[in-house]
Amino acid sequence: MACSPSTPDDILPPPLPEPAPEDLRLDVIMGALADPLRLTIIRKLLLESEAYDHTCGWFGFDRPKSSLTHHFKALREAGLIRQRQYGLERRSRVRTEDVDERFPGLLDLVRAWDASPTRR
């Protein structure tokens, strides 16, 4: 018996709870992005990899796991990232299509953000 080919979504674990695309709110998203670490997380995902989901360890932050868990949860609850549970680890990716549809240009601003201190 031949198996029909699976799409990637057929083999992925379900996403953790997140707001529906139509429920994304700019004030909540901006509040999540107001934290420099969270802004860095989103920018790194946008610039360095949208091809697959990433674990917290991929980012290379020297922070306690509990702190990182808090930041990733805030990003997920704001609707900026999708997280899936793979065994004991959670992997994340930016909800690019959903955010771009609701707030065109917002993720372009995040991509263009320069984290280096400005000189006067």
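Values as computed for the structure displayed
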item	result
Any chance Asp108 is part of a helix (DSSP H, G or I), of a type outside the set (Lys, Arg), at pLDDT 90 or above and within 25 Å of Pro14 (Cβ to Cβ)	no
Output for the range 1-59, where each listed residue is under 20 Å from Glu89 (Cβ atoms), at pLDDT 65 or above and part of a loop (DSSP other than H, G, I, E, B)	Leu12, Pro13, Pro14, Leu16, Pro17, Glu18, Ser49, Asp53
The one condition in (1) more than 12 Å from the chain's Cα centre (by Cα); (2) at positive phi; (3) of a type outside the set (A, V, I, L, M); (4) surrounded by 12 or more Cβ atoms within 10 Å (Cβ to Cβ) that Glu101 fails to fulfil	(2)
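The values are calculated or read from the model by the stated rules, or taken from the named source; none is laboratory data. These numbers come from a predicted model, not from an experiment. Using ideal geometry, Cβ is built from the backbone for each residue, glycine included, and neighbour counts are taken over all protein chains shown.
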